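Okay, so here's the structure we're looking at.
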Amino acid sequence: MAKLTLDWRERRVDIEYQWVNTNQVDTNSPVMVFLHEGLGSVALWKDFPEKLCMRIGMRGLIYSRPGYGQSTPRAKEVHWAPDFMHHQAHEVLPMLLQALGIDQAWLFGHSDGGSIALLFAAKFPASPSGVIVVAPHLFVEQISIDSIQIARQAFLQGDLRERLARYHDDVDSAFFGWNDAWLSPAFASWNIEESIPEIRCPILAMQGEQDEYGSLQQIQRIQALKPTAAVVSLPNCGHSAHRDQPDLLMKTVADFIQPLR
């Protein structure tokens with residue numbers, strides 16, 4: 001585990017990051033950058049990034065966004081606006097890649113991380129080699145809001161806070177940054193559909209058929225806006241395919257990437 005410091009929005013923030021599969025491939029091999037979900041971190045990925053990178057013959061880079069994991073926590077008085085994912089895609093991720101000397105990479109994003117990956121690819125169309133997203137959000141659905149409200153109750157009254165605290169130095173920073181933003185009335189009109197046609201690299205979009213945080217309309221909309229995108233629904237799978245269906249997920253990614261490489 002390592003950290004680097006970025007000057008972001010008039011504040012110095014430490015970013016926790018980790019390389020995986022560097023012993024199995026040379027330093028010139030492609031890089032897969034993993035972008036975690038709304039409550040994720042480096043540690044919460046567990047061993048999935050390394051297993052995937054070993055299978056596809058890439059190096060992997062995992063990092064915790066500001067407010068998560070062992071990265072600098074969100075200041076208590078700061079409440080993320082509806083465009084918080086845009087700031088991550090247009091500011092933090094480019095600075096991180098530049099600091100680590102990564103000119104071009106594949107992006108693997110889950111949930112909010114998938115939305116960030118799509119926003120980055122639209123803003124910097126020459127940068128990513130390809131984008132792989134699992135359960136991304138393009139627009140707000142009631143199923144998302146209902147599940148996020150359930151998560152809030154589980155955090156305040158159940159054991160979710162205790163379970164998440166193992167993965168975040170400041171668990172309140174991680175949880176309420178995400179939860180307050182999504183449940184704010186201003187977030188109801190959040191929508192990134194207009195960004196999808198701007199993406200020039202290959203796209204693979206996947207989603208579990210039993211996803212409790214979004215319907216298959218999310219990935220179907222990607223294909224409608226970008227007909228060249230590959231779209232796959234995953235059976236017997238909820239929101240976190242890397243936990244529910246890791247083998248199927250890795251096979252789907254490998255089959256997608258192989259002819260492109």
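Read the figures in this text as sums done on the coordinates, not as results from a lab. It should be emphasised that the depicted structure is a prediction, and the values quoted were computed from it without experimental measurement. When we count neighbours, we look across all protein chains shown, and the Cβ atoms used for this are built from the backbone with ideal geometry, even at glycine.
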Longest the chain segment clear of GluC sites (Glu not before Pro) sitting in DSSP loops (not H, G, I, E or B) with at most 16 other Cβ atoms within 10 Å runs 142-208
With +1 on the Cβ of every Lys and Arg and -1 on the Cβ of every Asp and Glu, the dipole magnitude of the range 2-260 about its Cα centre, in debye rounded to the nearest 20, is 380
Here the gain from full extension of residue 79 to residue 11, 0.36 nm per residue of separation minus their alpha-carbon distance, amounts to 23.0 nm
Over the chain, the sum of -39500 (n - 2.57) across DSSP H runs of at least four, divided by residue number and rounded to 500 deg cm²/dmol, gives at 222 nm -10500 deg cm²/dmol
The residues 41, 147, sorted from fewest to most surrounding Cβ atoms within 10 Å, come out as 147, 41
P(r) of the chain over all Cα-Cα pairs, 5 Å bins starting at 0, rounded to whole percent, reads 1, 6, 14, 19, 21, 19, 13, 6, 2, 0
Whole-Å distance linking the alpha carbon centroid of the range 112-128 with that of the range 15-42 is 16
To the nearest 0.05, the calculated FRET efficiency linking residue 251 and residue 209 through their beta-carbon distance, R0 being 25 Å, is 0.90
Exposure-ranked with fewest Cβ neighbours within 10 Å first, 252, 22, 27, 5 stand as 27, 5, 22, 252
Going fewest to most other Cβ atoms within 10 Å around each Cβ, 58, 250 line up as 250, 58
Which of 3/123; 3/51; 76/251; 3/76 exceed 30 Å between C-alpha atoms? The answer is 76/251
Largest fluctuation, 196, 143, 219 only, Gaussian network model of the chain with Cα springs under 10 angstrom, belongs to 143
